[in-house]
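Below: the structure, in structure tokens.
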Amino acid sequence: MIVVDSSVWIDYFNGRRTAQTDCLDYSLGYTPIVMGDLILTEVLQGFQSERDFKIAKDLLLRMFLIPMGGQEIALESATNYRFLRKKGVTVRKTIDVIIGTFCIHHHFPLLHDDRDFDPMVNLLGLKTIER
């Protein structure tokens, strides 16, 4: 099972071809994908067309949907954020710390195209999909 960050889904739905979207395209047929509720929100909120929104929603809701928050993840995320700050790293978006912490906690590799996750890989042991 893998988690695919909104940075990849957004490129995928916008038709941008990258190493990450190619990996996602391949994985859709072979690898179970965990759809986190936070990622679902990030992806779907960007659609302007009602038709495209419904198509994407129908596709994404076919995946294994799981809540990414809760007390334990919230506390671990705060600890991870503070640890990174002490190392001189400021993650731009709190939601990325939560997604990264969720993946670390559950041992899910993350497919992403967002530099905010790089310090989590280097300093917290976040596993990513090789692209």
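Could you give every pair whose Cβ atoms fall below 8 Å, whose first residue belongs to segment 105-131 and is on the phi < 0 side of the Ramachandran plot, and whose second residue is modelled with pLDDT of 95 or more and among the basic types (Lys, Arg), counting only separations of at least 6 or pairs across chains?
Listed pairs, sorted by first residue: 108/127; 109/127; 110/127; 119/87; 121/127; 123/87.
Could you tell me how many of the residues in segment 91-131 are out of contact with any Phe, Trp or Tyr (no Cβ under 9 Å at 6 or more places or on another chain) and exposed (fewer than 13 other Cβ atoms within 10 Å of the Cβ)?
7
I'm trying to understand the selection: among the residues of segment 80-104, which are more than 17 Å from the chain's Cα centre (by Cα) and on the phi < 0 side of the Ramachandran plot? Working first, answer last.
Kept after step one, since they are more than 17 Å from the chain's Cα centre (by Cα), are these residues of segment 80-104: 82-90.
Listed by number, the residues that qualify are 82, 83, 84, 85, 86, 87, 89, 90.
When you look at residue 64, is it under 19 Å from residue 122 (Cα atoms) and among the aromatic types (Phe, Trp, Tyr), yes or no?
Against the criterion (under 19 Å from residue 122 (Cα atoms) and among the aromatic types (Phe, Trp, Tyr)), residue 64 does not qualify.
Which numbered condition in (1) over 19 Å from residue 128 (Cα atoms); (2) in contact with a helix residue (DSSP H, G or I) (Cβ under 6 Å, 6 or more places away or on another chain); (3) not in a loop (DSSP other than H, G, I, E, B) is the only one that residue 97 fails?
All conditions pass for residue 97, except number (1).
Would you mind telling me which numbered condition in (1) within 18 Å of residue 122 (Cβ to Cβ); (2) assigned to a loop (DSSP other than H, G, I, E, B); (3) touching a strand residue (DSSP E or B) at 6+ places or on another chain (Cβ under 8 Å) residue 103 fails?
(2)
The values are calculated or read from the model by the stated rules, or taken from the named source; none is laboratory data. Everything quoted here is computed from the prediction, not taken from an experiment. Glycine also receives a Cβ, built like all others from the backbone with ideal geometry; neighbour counts cover every protein chain displayed.
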